[in-house]
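Visitor: The structure is given below, and queries will be raised subsequently.
Bear in mind that the values in this text are calculations on the coordinates, not laboratory data. Please read these numbers as outputs of a predicted model, since none were measured by experiment. Backbone-built Cβ (ideal geometry, glycine too); neighbour counts: all protein chains shown.
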Amino acid sequence: MANVIRNPVIIVILGLAVLGLIYRLTTNPGGFFLGLVITALIAAGLFLLLTRLVLPRQRSGMDSNYRKALKQSKQRQKQKESAKKKNKKKKNHLKVIDGNR
C-alpha cells in the first residue's frame, strides 16, 4: 500500500483531484454540495436496489440448497446410528463354566 502512495502518477492524480475540489468549493459551493447530495442519493438508491431485489434472490437459492444438503446429512447420520445399534451385540450376563465330565 505504501508503494502505491509513493507512485508519482498517483500523487499527481490525487493532487489534481484535491485542487479541483477546492476550486469547485470556492467558486460554486452550492453546486458542489448539490453534486455531493445527488451522488449520495444515487449510491443509496443503487445499494437499496441491489440489497432488496437482486441479492435476496441469489441467497434464497443457496439457502434452499443448503437446507436440502443439511436434511440429507441428518438422514444419513440417523441411518448410520440405526445401523450401529443393529450391529451391536447385547452383552450376555450368563457365564459359561467349564465342567469336568
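Visitor: Using label points projected 7 Å from each Cα along Cα→Cβ, tell me how many nm separate Ala43 and Leu25, to one decimal.
Guide: 1.6
Visitor: Applying the Karplus parametrisation 6.51 cos²θ - 1.76 cosθ + 1.60 with θ = phi - 60° to the phi angles of region 67-77, what ³J(HN,Hα) value in whole Hz is obtained for each residue in order, glycine and proline being reported as x?
Guide: 4, 4, 5, 5, 5, 5, 5, 5, 5, 5, 5
Visitor: Next question. Using the Karplus equation 6.51 cos²θ - 1.76 cosθ + 1.60 (θ = phi - 60°), what ³J(HN,Hα) coupling, rounded to whole Hz, does each residue of region 34-42 give in order, writing x for Gly and Pro?
Guide: 5, x, 5, 5, 5, 4, 5, 5, 5
Visitor: Label-point separation (nm) for Ile97 and Arg6, each offset 7 Å from Cα along Cα-to-Cβ?
Guide: The modelled label-to-label distance comes out at 9.2 nm.
Visitor: Shifting gears a bit: For a Förster distance of 25 Å, can you work out the FRET efficiency between the beta-carbons of Ala17 and Thr51, rounded to the nearest 0.05?
Guide: Computed FRET efficiency for Ala17 and Thr51 comes out at 0.30.
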